[in-house]
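A short worksheet on the structure shown next.
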Amino acid sequence: MLAYNEKNRLKEFEDVCNLQACTHCRKIYRQVINDQIPGFREREHDICPYCGTDNGSSMSYEFSNSKISEEELKKLKKKSLIATVVKYCHEEYSTSSCGDCNHYNTCPGECQGNCKKCLEEVHFPAKYPLGKKDYDCERMLDFYVCDYTVKYTSEMLYLMRESEALKQIDNYHVISIGCGGCPDLMAFERYCHEDENGKSVNYIGIDVNKKWMNIHKVIKEYKTTTLRKAQFVYMDAVSEEYSEISQANVIVLQYVISHFYNTKQIEKISTFFDKLIQKIVAHKQKGKPFVVLINDVNSNNRGRDYFQLIIDKLHNEGFHGISKRFYFDYRIQNDFQRYGTRHQSTDILYNIPDELDIYQPWTKCSSAQLLIEVWEDDDV
């Protein structure tokens, strides 16, 4: 249930049978329900003891509602998608061992369990020409989530906070290409809570890698007032055809362009952008904002210079709007990395539990970002 915590911040709480959250003031109250006596029934109302809002009524039950103390509120269990997914991946990684591995460089014939090394080789193919090329091991994905999720989620949240168009969207219908472990969805959950807007998120994640399926199952089962529904499609968004998608109002590309570069597919990026525009953006709702969020490696040698290509293609198709560029001042080595406006901080926005120290997770944000807010001539 979505309610204010003891610090007056919106949070998701675990459901408790005798507690309810007011739909208006979002405060938690205790509720005792008793059957009405047959023959003496009358309509009883579920009245919030804090603000007096009527949260429903019944001809079968009577409601006895009361406030809870601040100490009781502090003890209630909170939940979030990021904590749920990272906990799952940590448990999976901690209780499993590596099976057969095709890792040629570090693990000739038998994997040594060095997932940090595997990920480095995937991310820096020029440095490791004989290294691992893709996320083709489920245990490595569990490690990856524990290592990178807080960083990626924080970066996306920084970018979302910069968008005026996001604030104007009633409810979010997100298409995430190359969604992986869905750090963008985790950022949307917190963004909605920060904005205290009562908005909801429907999410379609597209990824070619079916090894994400176990983690995606956990995400699909996580349903709250804010995160209404998550669906996943396993396909190559470049080479495979897909149907037109209407109702979408947000596209997320999170470390996708650099993956094109890492896997030697960067020549396909133009076709990829064409399909996004034709299949998704072209079917946006008239008169409604549409937002593209791009977060990726801050290097002009890793595909970042292709950010401008999608802006040009949108303009050529008759779409207009504004675009904003951002970067984090993390180990900047040249002026090419000063990409637009500098974020005021590089700090991650979540606390990392001590048990995740074994992954040596990122504690700083480092990406380059592009925010595009789209409209058509008819919209303005």
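Output the helices (runs of 4 or more DSSP H) that fall wholly within the stretch 257-317 and possess 2 or more residues being closer than 22 Å to TYR135 by Cβ and out of contact with any Pro (no Cβ under 9 Å at 6 or more places or on another chain), or say none.
Because the criterion is at least 2 residues that are closer than 22 Å to TYR135 by Cβ and out of contact with any Pro (no Cβ under 9 Å at 6 or more places or on another chain), the helices (runs of 4 or more DSSP H) in the stretch 257-317 that meet it are 257-262, 269-279.
For the stretch 119-204, please list each of the helices (runs of 4 or more DSSP H) lying entirely inside it that holds at least 2 residues being charged (D, E, K, R), within 21 Å of TYR330 (Cα to Cα) and without any contact (Cβ under 8 Å) to a residue 40 or more places away in the chain.
It comes to none.
Do you know which of the residues in the stretch 192-233 that are of a type in the set (Lys, Arg) and farther than 24 Å from LYS11 by Cα is surrounded by the most Cβ atoms within 10 Å (Cβ to Cβ)?
The extreme case among them is LYS211.
Looking only at the stretch 321-372, how many residues end up being small (Gly, Ala, Ser) and part of a strand (DSSP E or B)?
Residues meeting the conditions: 3.
Any read-out appearing in this document is the output of simple, stated calculations on the displayed coordinates, not a laboratory observation. Just so it is clear, the model here is predicted, and its values are computed rather than measured. Note: ideal-geometry Cβ built from the backbone for every residue, glycine included; neighbour counts use all protein chains shown.
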